Amino acid sequence: MNTGTWALLIAVVVALVFGVVWQARDGKVHAKTGKGNVLDKLPEGLRQRLADAPGDDAKVTLLQLSTTFCAPCRHTRILLADFVQRTDGVRHVDVDLTDHPEWSTPLRVHRTPTTLVLDGAGHELFRIGGVPRRDELATALLPHLA
């Protein structure tokens, strides 16, 4: 085989490994990344959006950070809205970062959709990058809704 064939073969293997790793991590629950109250880190506009959202007495808030042209964001929006309808004590707040990309920096959000799961006091319990896996989300939330 010549050098070009080897280079192509290596590129295909690297792409396959990357794809497998990406798919394995997508939608999984990840432990919180920071300490303290997330609400303290929010820009005023985002903090106000959370305050104005209905259901502020919920035990848990699913804060979905999306962008306008993100297809997985639409799927996540539908999944989380349905999840909230079926689960007491949970609210869903969807925030579009398209016009405010700077809001992602203090929250350390590098992709959309990202769902931050916050307790009633605004502390991050965990986060999910990508479309959440319904069963994993339900299992992770159980101790926080009791």
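The values are calculated or read from the model by the stated rules, or taken from the named source; none is laboratory data. As the structure is a computational prediction, the values presented were derived from the model and not from experiment. All Cβ positions, glycine included, derive from the backbone under ideal geometry; neighbour counts span all protein chains shown.
Filtering region 42-91 to residues that are without any contact (Cβ under 8 Å) to a residue 12 or more places away in the chain, surrounded by 12 or more Cβ atoms within 10 Å (Cβ to Cβ) and among the aliphatic types (A, V, I, L, M) leaves only ALA81.
Residues that are closer than 17 Å to ALA146 by Cα and either at pLDDT 95 or above or not polar (S, T, N, Q) (or both) within region 56-84 comprise ASP57, ALA58, LYS59, VAL60, LEU62, PHE83, VAL84, listed in sequence order. Residue check: is ARG133 over 18 Å from VAL38 (Cβ atoms), surrounded by 13 or more Cβ atoms within 10 Å (Cβ to Cβ) and basic (Lys, Arg)? Spelling it out, ARG133 is indeed over 18 Å from VAL38 (Cβ atoms), surrounded by 13 or more Cβ atoms within 10 Å (Cβ to Cβ) and basic (Lys, Arg). If the condition is being among the acidic types (Asp, Glu) and free of Cβ contacts under 8 Å to residues at least 24 places away in the same chain, then region 92-146 contributes ASP99, ASP135. Counting only helices (runs of 4 or more DSSP H) that fall entirely inside region 57-146 and contain at least 3 residues that are under 19 Å from LEU42 (Cβ atoms), the qualifying elements are 104-107. If you check THR33 against the conditions, is it among the β-branched types (Val, Ile, Thr) and either part of a helix (DSSP H, G or I) or at pLDDT 90 or above (or both)? Taking the combined requirement at face value, the residue does not satisfy it.
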